[in-house]
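This report concerns only the one structure given below.
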Amino acid sequence: MSERMRFVMVGGFLGAGKTTTIGRLARMYQEQGRKVGIVTNDQASDLVDTHTLRSQGFDVGEVAGACFCCNFRELTDTVAALAAADRPDVILAEPVGSCTDLVATVVQPLRQLYGDRFSVAPYGVILKPTHGLKILSGSGGSGFSPKAAYIFEKQLQEADFVLLNRIDELTPAQADELQQLLERAVPGTPILRVSARQGVGFEALGALLDQQGDFGRKILDLDYDIYAEGEAELGWLNSSLRVQSQTRFPLDAVLLGIVEQLRLRLASEGAETAHLKTIGLWEGFYGVANLVSSDSPAELSLPSNCEPLSADVVVNARVAIAPERLRELVEETVRQVAGGLGVAVEFRQTQSFRPGRPVPTHRFAEAVGG
Ligand SMILES: Nc1nc2c(ncn2[C@@H]2O[C@H](COP(=O)(O)OP(=O)(O)OP(=O)(O)O)[C@@H](O)[C@H]2O)c(=O)[nH]1
Ligand SMILES: [Mg+2]
């Protein structure tokens, strides 16, 4: 057992593929005989990602209610709780997808305050092709305002390396175009093409993450006013509910139906989706449906293939729309989809809001090495 835990944080915009990447990395580390703990993060409680990763059998701690940078203490407490239960060799951490400045507010504080406990891996950021193409080409029409696009670009600028994800669905020409845009946006930053879904490029990713050296030092020059305003343009919603019926119903149809119907409603309001995801859970079965932009299809990314009498469902939505409107649309859609399948809905808890201004616990303007 090495004396320090390896801390691997994987960043990237909302819906870029962080949770998928972390799940795959966790399996890879386990196959190498390394014990893994995962930390998820959100501005609110009821996280689809925590359920998704726990359902895969991983030990997951959750920092809910504020991002890692603004609740740094809870990040280290959550890691300590994982370590007390069954000390991991590797901690995989997923920050909120609208967060940036993570090198100054998480990587450097871990190095400078907790260097005895953690050895921090190079910081990789995932590029989301759908919005990346529009934002990096400057062609406009990403569906997000320039302030939200600013966050997207800043996230890439602090990366030690960038992962060009979803190459399974990009043509070679599209991948080349994105690579060129990235080379212009973040010159000198290594770029690795991956498919988190299929595992393409993960051996190379593992090697990048295992590197020792002078990483995690790219402290951003960041305008916190623009950052805060960009983040606040997103409507945020986390909702947990229960669905049940007298007769068995296809859980996947509920999940996909919710995402597909919301896709149509949000499109008719001209509201760009950053990530809309829903998980359904029933007795060890689970299914997940997602939408990652207005111009991609709703997708059942993990089918549950089950027909229960009841299930717990969690919906997380991050959309450029007023949070009150987002809540109405989600509630109407869930009732409509469930009703169409003869399923009753009980909403348990819903939080919807605009993220508040980020106020980091620590911000180190001077970097130290690994
Ligand atoms: N085709 C394809 N889909 C992918 C790939 N990686 C992720 N996805 C899908 O993209 C969607 C978003 O993936 P997540 O891993 O949940 O993204 P995330 O960055 O964790 O999202 P947030 O936590 O909401 O910021 C899901 O439907 C995934 O199945 C990939 O390599 N190829
Ligand atoms: Mg995630």
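Every read-out reported here was derived from the displayed coordinates using simple, explicitly stated rules and does not represent laboratory data. For clarity, every value in this text was computed on a predicted model and none was experimentally measured. Ideal geometry is used to build each Cβ from the backbone, glycine not excepted, and the neighbour counts take in all protein chains shown.
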Radius 11 Å from Cβ of K134, net charge of other residues (Lys, Arg +1; Asp, Glu -1): -1
On Cα atoms only, tilt of 146-157 relative to the major axis of the chain in degrees: 50 degrees
Ranking of T19, T130 by count of other Cβ atoms within 10 Å, fewest first: T130, T19
Principal axis dimensions, the range 190-238 - Cα atoms, whole angstrom, descending: 38, 31, 18
Helical contribution to [θ] at 222 nm, DSSP H n ≥ 4, -39,500 (n - 2.57), averaged over the chain, rounded to 500: -11000 deg cm²/dmol
Vicinal HN-Hα couplings computed from phi for the range 354-364 (Karplus, 6.51 cos²θ - 1.76 cosθ + 1.60; Hz; Gly/Pro x): 9, x, x, 4, x, 10, x, 5, 10, 9, 9
R0 of 22 Å, Cβ-Cβ distance A267-E328: FRET efficiency to nearest 0.05: 0.85
Gain in span if fully extended, R348 to A228, counting 0.36 nm per residue against the direct Cα distance: 40.2 nm
Length released on extending from E307 to D176, taking residue separation times 0.36 nm less the Cα-Cα span: 42.9 nm
Degrees separating the helix 172-185 axis from the principal Cα axis of the chain, which is the longest one: 50 degrees
Cleavage-rule hits (GluC sites (Glu not before Pro)) in the range 1-98: DSSP loop, at most 13 neighbouring Cβ within 10 angstrom: E3
Cα gyration tensor, the range 236-353 - rounded (a/c under 1.5), prolate or oblate: prolate
Area projected by the alpha carbon convex hull of the range 80-185, averaged over all directions, nm²: 8.4 nm²
Given charges at beta-carbon only (K, R positive; D, E negative), |dipole| of the range 236-353 in Debye: 160 debye
Of K35/K277; K35/K128; K128/K277, those spanning more than 23 Å from alpha-carbon to alpha-carbon: K35/K277; K35/K128
Rg/Rh ratio calculated on Cα atoms of the chain (Kirkwood radius): 0.95
Per DSSP, loop trypsin sites (Lys or Arg not before Pro) in the range 117-210 with at most 16 further Cβ within 10 Å: R117, R197
Degrees between helix 323-340 axis and first principal axis of the chain (Cα, 0 to 90, nearest 10): 50 degrees
